[in-house]
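The next block holds one structure in the form of structure tokens; read it before the comments.
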Amino acid sequence: GDPIALELVERMADEVTAMARVCVERLGLQATATEVVLGGGVLRARDPLLMKLVRERLAGCLPYAVPVVADLAPIVGAALSGLDQVGAGAEARERLLAQF
């Protein structure tokens, strides 16, 4: 493939791994099986090369990490949290989720 595109994919894998490592270390979960949620449009697209690189890099620095790709956009979690805070019922949650 295109060497510049490949470099960008590798850089993204490095950055995602660095962010995950910092989060897991700050929470003191390095020695615990911990889900690392991969979100955002690029990661949710599940590009085979990017996912392979992220998994390899995570395994190298966080052997107990379990990478999981988010099925929904991050805004959905924020909206669900807001509904919980105002005491909205299951019907409101279902309507929200139906939009995504």
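The values are calculated or read from the model by the stated rules, or taken from the named source; none is laboratory data. The model shown is predicted, which means the values in this text are computed figures rather than measured ones. Here the Cβ positions follow ideal geometry from the backbone for every residue, glycine too, while neighbour counts run over all protein chains shown.
Remarks
- Between 65, 70, the distinction of being touching a strand residue (DSSP E or B) at 6+ places or on another chain (Cβ under 8 Å), at pLDDT below 95 and of a type in the set (A, V, I, L, M, F, W, C) belongs to 70 only.
- First in region 48-77 and closer than 16 Å to residue 24 by Cα and part of a strand (DSSP E or B), second anywhere and of a type in the set (Asp, Glu) and at pLDDT 95 or above, Cβ under 6 Å, 6 or more apart: 66/35; 68/35
- So residue 80, is it surrounded by 16 or more Cβ atoms within 10 Å (Cβ to Cβ), of a type in the set (A, V, I, L, M, F, W, C), within 27 Å of residue 99 (Cβ to Cβ) and in the same structural domain as residue 98 (by TED's automatic domain parsing): yes
- Residue count, region 1-39 (criterion: touching a Leu at 6+ places or on another chain (Cβ under 6 Å) and either over 15 Å from residue 63 (Cα atoms) or among the aromatic types (Phe, Trp, Tyr) (or both)): 2
- Picking from residues in region 10-47 that are small (Gly, Ala, Ser) and part of a loop (DSSP other than H, G, I, E, B), the one that is surrounded by the most Cβ atoms within 10 Å (Cβ to Cβ) is 39.
- Residue that is nearest to residue 40 (Cα to Cα) [pool: residues in region 78-92 that are outside any loop (DSSP other than H, G, I, E, B) and not aliphatic (A, V, I, L, M)]: 81
- Search result, residues across region 45-68 that are closer than 18 Å to residue 22 by Cβ and among the small types (Gly, Ala, Ser): 59, 60, 65
- Residues in region 48-68 that are surrounded by 13 or more Cβ atoms within 10 Å (Cβ to Cβ) and closer than 23 Å to residue 7 by Cβ: 11 in all.
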